[in-house]
1. Give the Kirkwood hydrodynamic radius (Å, one decimal) of the range 790-926, defined as one over the mean of 1/r across all pairs of different Cα atoms.
2. Give the calculated FRET efficiency between A214 and Q718 to the nearest 0.05, with a Förster radius of 45 Å applied to their Cβ-Cβ distance.
3. Is there a pair in K431/K641; K639/K922; K528/K561 whose C-alpha atoms are over 32 Å apart, and which pairs would that be?
4. D669 versus V905, label points 7 Å from Cα toward the beta carbon: distance in nm?
5. Mind pulling the angle between the C-alpha long axis of helix 947-959 and the longest principal axis of the chain? Nearest 10 degrees, somewhere in 0 to 90.
6. In degrees from 0 to 90, rounded to the nearest 10, what is the angle of the helix 607-617 Cα long axis to the longest principal axis of the chain?
7. Grab the beta carbon distance between T808 and S701, set R0 = 22 Å, and tell me the FRET efficiency rounded to 0.05.
8. What does the convex hull of the alpha-carbon atoms of the chain project to on average, in nm²?
Amino acid sequence: MPLEEYQSSEPTDRIIPLRPRISTTVTIKFALQLLELIPQSCRNMWRVIQQRATIAHPFTRQRHSRVIAIRREDQSVWERRAPFGPTHVQKLVKQNVKVIVQPSNRRAYPMQAYMQAGAHIQEDISDASVIFGVKQVPIDALIPGKTYCFFSHTIKAQESNMPLLDAILEKKIRLIDYERIIDERGARQVAFGKYAGVAGMVNILHGIGLRLLALGHHTPFMHIGPAHNYRNSSMARQAIRDCGYEISLGMMPKSIGPLTFVFTGSGNVSQGAQEVFSELPIEYVPPEMLRKVAEHGNQNKLYGCEVSRSDHLERREGGGFDAKEYDEFPERYISTFSTKIAPYASVIVNGIYWAVGSPKLISIPDAKNLLRPANTPWLPTSKGSPALPHRMLAICDISADPGGSIEFMNECTTIDTPFCLYDADRNKDTKSFKGPGVLVCSIDNMPTQLPRESTDLFGELLAPHVHDIIKSDAKKPLAEENFSYPIQSAIIASNGQLTEGFQYIQELRESQSHRSRHKMEGRSESDKKVLVLGAGMVSAPLVEWLHREKDVSITVCSQVKEEADRLSQQYAGVDSVYLDVNESTGHLQELCGKADVVVSLLPYSLHGMVARYCVAEGTHMVTASYLNDEISGLHEEAKAKGVTIMNEVGLDPGIDHLLALECIHEVQDKGAVVESFVSYCGGLPAPEHSNNALRYKFSWSPRGVLLNTLSAAKYLSQGQIVEISGGGELLSSPRSLDFLPGFALEGFPNRDSTKYGNLYGLGRDVHTLLRGTIRYKGFSESIKPMQLLGLIDPEPHALLHPSGPDVTWRQLVIHLMGMSDSTIFYENLKQKLTERIGDVDGIESLGLLDDTPVVKLNTPLDTLSHYLSKRLAFERDERDLVVLRHEVGIRWPDGRREERGINFVVYGQPQGHSAMAMTVGKPAAIAAKMILDGEIQERGVLLPFTPDIYRPMLQRLRSEGLTATETSRWLN
């Protein structure tokens, strides 16, 4: 047999490669002459020996046209793929390409297979001009002046991979990213997509079985394992067919209802996932039928729905969808996926490419709405056969793009820990199958779970482009190269620069760091900055709550520097700034511009000024006070600037809204209507500390409490509007409150209650609507004399001018009564006071008839406020109390009537935070953090009236021990 025939023969897989001890080619020729005497069974061994000698010996080594390398993957312990399999290497060797393979026992294809294909197994790959890999290369392993091909994950300026890109530029490496090898139409040419879809679908079916078990249901999905448990996809498909057989026999629990699977897009990923899905008993429906089958479909099959871009993308203005326009101007479009499709999906399999600036499928606020409790009364349920907590069970985000189309998926899962449970109300995930939330699988290297099939497919797709790639010389200017369109499109960096098509990466990096341009001294660049205006009692629990969050830096401003310094000293890393907002408006605006969120705890009259500066600087704002007309007028401007101004997130207003709307929306979702809503709220001293005429004490300025007693009020009672004029009439007939029998409480209306019919969405069915203030019995009786005397008058009084002569409280009272004799006998004074205002025991016990000097502050109101703030201040070991009561009258569809009572009672901490400070400061802190974290994304002037805001806030307040109790009684 001629020598040439032996040289061209293929090695057999049955022979273990040996290193022949043959010194020269002549010896081989001599040995071949003996072959005629050797049995045929031994000839194949000689062929292998001859071939190895030809490859290994320097005298027989051919001169290769190109040298390439396949690097060892080290990005993950699970990464078993390679860009080429042995069959691809063998073809390259035959085409006179030297292939160096770095040793690795982790690859799915063993080194022996590559060696048999003609590869050189060696550690040093520096001889190669082009180095192929799969995942990112460690920076210290990059060889300068080479061409590298791998998935770099840099085209969206992904922060974690920017050091890698910087190193590539510094080392003048030519980077070809597989993700951008596209044709003229923009279609990807090289990808693992199909097997990402296959592995992802197997994984999520496995996860569904575990999640349903944690929710109390054994299902056929329990017998499907993770993708890497199977030798190949055929074995996985058989397990899935077995599962489908049981489903078709009606083995699914009835209480969970029909299961619907939504597939986004129709690309390779989606096709791979749907191939696996087709092994189950399925029926496909269009998006418009999804709701019907989700509610009343058959349970001996699964329902699938493929969603294209035109199904959920529409123009912001005018609607409609144009693919070409969307590709060029994605910012002109919004996605309706979260409202039209996701509410009816049990499982979402997401495999679409998401570009920066494109609409998201599901935002963080969207998730809060989608994971609300389901209302499915038509499903048969019991204690042992519970309904699902919400329709959406799982999301398989095969795109694995943190913060991308599934916004709350901010970190990929791993093959070691493939699932997490995302709790939308807490905006946190746990590595568990039990608890509230949606199961998420988002492994960024799913194809490596089926490594041989993935390698084979990828190599076949890459093969047509290999000879174009391997002619690359990274040391030559890119302009001198002549690459095909797909490869030219994929070159991200060359000769130390980003290529023309990828200059935008630098722009993205700059825009991402723009918000950090005012980095504070000693703080991380990534810190979210909160400016707190006001350092009074409410500030302490707010700062304490935010201080627990490691990614938040806090600056506290106050015109009383000692208060700000106290907080700065108590909480490490908190900065204090002296600021008089009325005198230093320029400094205030500068501070607002440096913050991400401003929390204003200033007097409500100053919120408008702060809001204007926040809008001008593009900074979000939070306040615990009532929304006023000045701030309302900033809505459109704030919306245009992308600014959120969140109001009424304290106690009252604040927690009262959250608890009311939670109850109202729950019953409305079940078809009931609210016929009456009566609410009272107030801050009080604990009963044991209420032994004074007002039965009241002050933890901050009494001005607001006193002034409120002069306010007008308006409410709805049994269909009739009742109006109370201002000036003191409010306290004429307080209502006795007995919902807490151990307390002696009274209440009176507060402001305009009728507007909450619309704000709470109560409609025309409500006949009674009242919001009021709680006090201990006796408060109204003791305040009334002060009103009649004019001690709560907010207008300036000559006798109280700070520069005027000294005056005592008794002299002031005598003067306010219109009497001129300041030396009147004390008992006569009391007699005249009794004739004028009634009982004087209250003002007497408060010291308002004493001969003590008055600290004059222009108006009777401010002067009295200052006095009472000292006289009725909480002592060191005393504590306060917050009481909130809602009474909700409900009419159910069957005509039954129910009254729900909601009680929220919180005591202050002796020598700690007061109840009032905790219940005002903590909700404001939670709202600020929700804005910082993107949980609140609506812009403009807002109130906390939507479920995606009030449900998470309530859950976090409950975790702080701030909980309400609920009672119910049927009225007929």
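Every number here is computed from the coordinates shown, using simple stated rules; none is lab data. What you see is a predicted model, and the numbers here were worked out from it, not measured in a lab. Backbone-built Cβ (ideal geometry, glycine too); neighbour counts: all protein chains shown.
1. Details: mean 1/r = 0.0529 Å⁻¹.
Result for the range 790-926 stands at 18.9 Å.
2. Values: r = 49 Å, r/R0 = 1.10.
FRET efficiency, A214 to Q718: 0.35.
3. Details: K431/K641 38 Å; K639/K922 26 Å; K528/K561 24 Å.
The answer is K431/K641.
4. Here the modelled spin labels are 2.9 nm apart.
5. The angle comes out at about 80 degrees.
6. Helix 607-617 sits roughly 20 degrees off the main axis of the chain.
7. The value I calculate is 0.45.
8. 50.4
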